[in-house]
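A short worksheet on the structure shown next.
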Amino acid sequence: MSVYPFRNPDLETGERITDLLGRLTLEEKCSLLRYDAPAVERLGIPAYNWWNEALHGVGRAGRATVFPQAIGMAATFNLRLVETVASAIGDEARAKHHAAAAEGSRQQYQGLTFWTPNINIFRDPRWGRGQETWGEDPWFTGEMGAAFVRGLQGTDRKYLKTAACAKHYAVHSGPEKDRHTFDARPPLKDFEETYLPAFRRLVKEGVESVMGAYNRVYGEPCCGSELLLKTILRERWGFEGHVVSDCWAIRDFHVHHKVTETIEESAALALKNGCDLNCGSVYCDALLDAVNLGYCSEEDVDTSLRRLLRTQFKLGLYDPRERVPYSDIPLSVVNSEAHRKLALETAIESIVLLKNREAALPVRDSDRYMVVVGPHAASVEVLMGNYFGLGSCMTTLLEGIAAEAPPHLRIDYRKGCQADRFNANDMDWSTGEAKNADIIIAAMGIDANIEGEEGDAIQSEYRGDRIDCSLPESQLSYLRALAESIEKRQPKARLVVLLFGGSHLSIPEIHAFADAVLQVWYPGEAGGTAIARVLFGKACPGGRMPITVPRSVDDLPDYEDYRMAGRTYRFMEEEKMLYPFGFGLSYTRFDYGDLTVEAPDSSGEGKDGRVRIPVSNTGGMAGHEVVQVYLERKDREPTDPHLTFVGHEKVFLQPGQTMEVVIPLPGEAFSCYTEEGMRLRAPGTYLVHVGGSLPGKRSRDLGASLLSEASLTIT
């Protein structure tokens, strides 16, 4: 076979794409816009399946390192760690892809195009897919998502390690039951300030792909929206990668949204407005007919195929393996010892200590008897969340405690109650066992059977969403009985409640009677070891909440209302917060010195400002502190946020150590959007708050690190 020019890696990529396009028939071109693109055997092009997942490890493809779920990684507040995790995932992806391809296997979940990260704003705790996100803050979501993209895509100037994807664009945060039909119409101010910034940030970072959402925005289906895909994504932001539909979303155009009448019209609408790749069957079934009927043209097909081929060339799929720097990553990296250690480190950093009355934790040397209870103590399922791979060393909480406990500590285990709302067993001995215990560890929370994507959460009555934010009644009733037993029989026993899950758990009653509370998320394959090391004081908790936990779902606006008023720390009244955004305690203590603020330049778009502050570990244990920067505009408009998170740095300090922390103060933070969606510079007086949690009375009441603040005038 002669070597075609498109196979020559020394030619310019555009020239190679033009050569290949000229050799394809229209039918072949249309077939290559499908996610399950077939082979073009006459040109030696193998089949390629674009659909792959890497939310917190290579997903759905067998053995892989299972890192904490995305919301848990968000709780680390550690950009460098997140980038390292994503790089490890990319290494495993490369190794698995090349090993499978060498065996002639090119199935779904074996490619190099990953539909992650999910950078939707976790605007409402009832959304089952909030676990996939990086929390509720637009700036923070953008920065964490950008770090993940950097790790996945690598640092080579020519080749991508893997291709990342920013999803779901845009205004897509539930309800799951309505995702194929609803039309999101947020105020333009909310649209620009809350729903778009993370996508803009990832485009700036160079994310290779963007996935359109199922829903409509301002009447247009996202995967065929001229506003989203042309005006904003391509023209305003200059995006050069490819756009993929969510799976079977283009079918929704005529079946559910009713914006088109036929499948051919749906295919043409998506293609002409810039949806290049169809996850689904519409392009397979109708795109060729749409061209032949004149609804769209072959030039439209070529435009989209150029973008897809550009991604494939950047991945090196048409080049000799020896020319591609990532093709020689050995299969031995998959779930390697180094990656398992990284999963453990990430899980430890994700754990958030929410309460620790009278130093109930860590476990004391004087403790002689521990009782472990709860439906999740021996569960592998709560380690994984959704979109997971399969680790070879999955450690449950019970296994972690058994391995990390000192030899003098007697440990007993009883399940105590069922995980869901049903509890058929009325006979329970564990509350009686508590009368002799020094410390009781209660493994509570929810799992991916209760919250998740439409169709995945098999015990959810709401297509993966939750109707409230509390624990299932079976767990609440059990904890009440346990607390009552402790109070009557052993008032010195300490009750520690662990909260597994990927979203908010409003537990004001439990917070009141528990001695300690830890949010442990879906902590990944090393979760049991990580939690045990924190419990026994071998590691210091340093996670922070990437979400605000309301006291009750009754304190939230209507779930189907896409206005941000009353939602997240930015707009919620403080008295409605149980745990604020950015909050987390430690076993040690951090003190802040005098704050110095350098203003950004007057244009607001040039040189950043700086905040400088000395932070000291004045406690007795080494640990992490998350230094957070918030802006409070003194003369803000009623629809402006109460506070805006604009920067952070996670530092590790030994006892007695002091470090000067320097954090950029971006000029763009001193701007806002009008009600008409126009961006304006916002001069005036600002308070710059720097500390270990969200500023305010609630954080102080919960025992967060003290804040420093300074006034800053922007002209």
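I'd like the full set of residues that are of a type outside the set (Val, Ile, Thr) and either within 13 Å of residue 70 (Cα to Cα) or within 9 Å of the chain's Cα centre (by Cα) (or both), limited to the stretch 94-127.
117, 118, 120, 122 - these are the residues of the stretch 94-127 that are of a type outside the set (Val, Ile, Thr) and either within 13 Å of residue 70 (Cα to Cα) or within 9 Å of the chain's Cα centre (by Cα) (or both).
With surrounded by fewer than 24 Cβ atoms within 10 Å (Cβ to Cβ) and farther than 30 Å from residue 328 by Cα as the only criterion, which of 130, 219, 206 stands out?
Result: 219 is the single residue among 130, 219, 206 that is surrounded by fewer than 24 Cβ atoms within 10 Å (Cβ to Cβ) and farther than 30 Å from residue 328 by Cα.
Across the stretch 155-202, what is the number of residues that are β-branched (Val, Ile, Thr), surrounded by fewer than 24 Cβ atoms within 10 Å (Cβ to Cβ) and more than 19 Å from residue 560 (Cα to Cα)?
Of the residues in the stretch 155-202, the ones β-branched (Val, Ile, Thr) are 155, 162, 171, 181, 194.
If we keep only those that are surrounded by fewer than 24 Cβ atoms within 10 Å (Cβ to Cβ) as well, we get 155, 181.
Checking which are more than 19 Å from residue 560 (Cα to Cα) leaves us with 155.
The number of residues fulfilling the criteria is 1.
Just to be sure I understand, how many residues within the stretch 634-651 are open to solvent by less than 50 Å² (accessible area, probe 1.4 Å) and either aromatic (Phe, Trp, Tyr) or touching a Gly at 6+ places or on another chain (Cβ under 7 Å) (or both)?
1
Can you list residue pairs whose Cβ atoms sit under 7 Å apart, with the first residue in the stretch 696-709 being modelled with pLDDT of 95 or more and the second being surrounded by 19 or more Cβ atoms within 10 Å (Cβ to Cβ) and hydroxyl-bearing (Ser, Thr, Tyr)? Count only pairs 6 or more apart in sequence or on different chains.
Listed pairs, sorted by first residue: 699/693.
Which of the residues that make up the stretch 320-358 are open to solvent by less than 60 Å² (accessible area, probe 1.4 Å) and at positive phi?
Hit for the stretch 320-358 is 335, nothing else.
What pairs can you find where one residue is in the stretch 611-635 and free of Cβ contacts under 8 Å to residues at least 40 places away in the same chain and part of a loop (DSSP other than H, G, I, E, B), the other is among the β-branched types (Val, Ile, Thr) and surrounded by fewer than 21 Cβ atoms within 10 Å (Cβ to Cβ), and their Cβ atoms are less than 6 Å apart, with a gap of 6+ or different chains?
Once the first residue is free of Cβ contacts under 8 Å to residues at least 40 places away in the same chain and part of a loop (DSSP other than H, G, I, E, B) and sits in the stretch 611-635, its partners that are among the β-branched types (Val, Ile, Thr) and surrounded by fewer than 21 Cβ atoms within 10 Å (Cβ to Cβ) give 619/588.
Counting just the residues of the stretch 664-695 that are part of a loop (DSSP other than H, G, I, E, B) and within 17 Å of residue 608 (Cα to Cα), which one comes out farthest from the chain's Cα centre (by Cα)?
683
Need a quick list: helices (runs of 4 or more DSSP H) entirely within the stretch 212-317 having at least 1 residues that are out of contact with any His (no Cβ under 7 Å at 6 or more places or on another chain) and under 30 Å from residue 97 (Cα atoms).
263-272, 298-314
Residues checked against (1) within 20 Å of residue 467 (Cα to Cα); (2) among the small types (Gly, Ala, Ser); (3) modelled with pLDDT of 95 or more:
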| residue | (1), (2), (3) |
| --- | --- |
| 482 | no, no, no |
| 485 | no, yes, no |
| 495 | no, no, yes |
| 498 | no, no, yes |
| 501 | yes, yes, yes |
| 505 | yes, no, yes |
| 510 | yes, no, yes |
| 523 | no, no, yes |
| 531 | no, no, yes |
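Looking at the stretch 451-505, which of the residues that are within 29 Å of residue 74 (Cβ to Cβ) and of a type in the set (S, T, N, Q) is surrounded by the most Cβ atoms within 10 Å (Cβ to Cβ)?
475
So residue 638 fits all but one of (1) modelled with pLDDT of 95 or more; (2) assigned to a loop (DSSP other than H, G, I, E, B); what number is the exception?
It is condition (1) that residue 638 fails.
Please go through the stretch 565-624 and give me each residue that is out of contact with any strand residue (DSSP E or B) (no Cβ under 6 Å at 6 or more places or on another chain), buried (at least 17 other Cβ atoms within 10 Å of the Cβ) and among the hydrophobic types (A, V, I, L, M, F, W, C), ordered by number.
571, 572, 577, 581, 583
Could you figure out which of (1) in contact with a strand residue (DSSP E or B) (Cβ under 7 Å, 6 or more places away or on another chain); (2) surrounded by 23 or more Cβ atoms within 10 Å (Cβ to Cβ); (3) over 21 Å from residue 632 (Cβ atoms); (4) of a type outside the set (S, T, N, Q) isn't true of residue 545?
(3)
Report, by residue number, each residue of the stretch 248-286 that is more than 34 Å from the chain's Cα centre (by Cα) and surrounded by 21 or more Cβ atoms within 10 Å (Cβ to Cβ).
264, 286
Does residue 297 meet the test of being more than 25 Å from residue 166 (Cβ to Cβ), hydroxyl-bearing (Ser, Thr, Tyr) and open to solvent by 30 Å² or more (accessible area, probe 1.4 Å)?
Taking the combined requirement at face value, the residue satisfies it.
Is it the case that the stretch 475-482 has a residue that's in a helix (DSSP H, G or I), more than 17 Å from residue 443 (Cα to Cα) and more than 26 Å from the chain's Cα centre (by Cα)?
Checking the stretch 475-482: not a single residue is in a helix (DSSP H, G or I), more than 17 Å from residue 443 (Cα to Cα) and more than 26 Å from the chain's Cα centre (by Cα).
The values are calculated or read from the model by the stated rules, or taken from the named source; none is laboratory data. Values in this document were obtained by computation on a predicted structure and should not be read as measured data. Note: ideal-geometry Cβ built from the backbone for every residue, glycine included; neighbour counts use all protein chains shown. Heavy atoms of the whole protein, side chains included, go into the accessibility calculation; ligands, DNA and RNA do not. Shrake-Rupley method; radii C 1.70, N 1.55, O 1.52, S 1.80 Å.
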